[in-house]
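The next block holds one structure in the form of structure tokens; read it before the comments.
Please treat every number below as a calculation from the coordinates, not as lab data. All of these numbers come straight from a predicted model, not from anything done at the bench. Using ideal geometry, Cβ is built from the backbone for each residue, glycine included, and neighbour counts are taken over all protein chains shown.
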Amino acid sequence: MTAPIELISRALQGHKYSIARLITLFEDPRAKTAAIRQTVLQSLERSDAGRKKGRILGVTGTPGAGKSTLTGALAIELLRRRPAWRIGVLAIDPASQVSGGAILGDRTRVNFPAHENRLFFRSQSAARQLGGVSRNTFQVSRLMERLFDLVIIETVGIGQNEIEIQHIADLSMLVLQPLAGDQIQFMKAGIMEIPDVFVINKCDARREALRSYHQLKSSLDFIRPGSSPTVHLFQTSATSGLGIAELAEYLQKSLPVISRDEQRRLQLQFARWVESEYGQSGLRLYERQVPYDQLISNAAFESAQIHFQSFFAANFIDKPGPG
Ligand SMILES: Nc1nc2c(ncn2[C@@H]2O[C@H](COP(=O)(O)OP(=O)(O)OP(=O)(O)O)[C@@H](O)[C@H]2O)c(=O)[nH]1
Ligand SMILES: [Mg+2]
């Protein structure tokens, strides 16, 4: 791989092929490729366009609830309201094959001219997935937030404890469909505690939708009493456009002002990375001797990866990690 300087400046201009190539670099979890990722992030930080970090919206929910369609509709509506924004969509694909942007674009039914560079799609295989995201989702999100004003991550349809997105996104949105009987399950899973925003999609089916709305509202009042001012509940139809403006209005106002605990997020994700690359023995080593608190500042996440690689090797000479 040649010096990525040109790639970076083209990516910052919205050139899709360059963005895709950079993302591929960030999908590689190995410590030995961390140096190049660090170079990329550092040059992004030095550039005016890349210095500002975009926000990350996590879209999760039951399979088939309309996450992709809603993501597409929201992206279009947000761009209509904020023409200067760039939006990157990262969809975690349950299928094991990695597909290009076109296929996802089709799936979301987003009708955007090919030369439109304010909207970018990427799908990521959920092979070796963890809680609805792929093991590389976090790494990729760190690149994408430098390239886009908003990154929307659509997770694989969630099950009982697949709420990993909460540790990556600034705001998590749970998409349900009317009368799916999801509510009871979510109560059990404790998943209702997580999302900042609840959406009942497919509200073109009016009667069922209304019933689900009230059911969810009373569940929330029960599980999260007194939470009404902070929990946001929307009814949408991604296909007819109903409620999309209200949801977009809320997101466009609230996303830019959310603050995040970056250090905590990086530390948690570093431990995740250690575990996925070096397994339990790596994790034990890390937990016994966490020397990384200082290192895992934003820019030095990759240095910490490089350092851990040799740290691990020194402790497990005859048991090298998969990296
Ligand atoms: N009636 C109606 N159908 C919808 C709506 N939103 C999505 N759909 C349809 O529901 C089906 C699933 O939509 P997707 O957007 O693929 O749902 P998803 O949650 O992304 O699905 P997975 O990623 O496969 O879990 C498609 O046939 C959509 O056309 C809606 O608001 N109303
Ligand atoms: Mg989908």
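Quick one: Cα convex hull volume of the range 30-77, Å³ per residue?
Expressed per residue, the convex hull around the Cα atoms of the range 30-77 is 123 Å³.
Compute the length gained on full extension between ILE223 and HIS115: take 0.36 nm times their separation in residues and subtract their Cα-Cα distance, giving the result in nm to one decimal. Let's see the in-between values first.
Numbers: separation 108, 0.36 × 108 = 38.88 nm, distance 4.66 nm.
Contour length minus Cα-Cα distance gives 34.2 nm.
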Magnitude of the charge dipole, the range 1-51, Cβ model with Lys/Arg +1 and Asp/Glu -1, debye to 20:
80
Going through LYS53/LYS217; LYS67/LYS253; LYS16/LYS217; LYS32/LYS52; LYS67/LYS217; LYS32/LYS67 one by one, the pairs whose alpha carbons sit over 32 Å apart turn out to be LYS53/LYS217; LYS16/LYS217; LYS32/LYS67
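Tell me whether the range 1-51 comes out rounded, prolate or oblate; compute the Cα gyration tensor, take square roots of the eigenvalues as a ≥ b ≥ c, and use a/c under 1.5 as the rounded threshold. Spell out each step's value before the answer.
Values: a/c = 2.01, a/b = 1.35, b/c = 1.49.
In terms of gyration-tensor shape, oblate.
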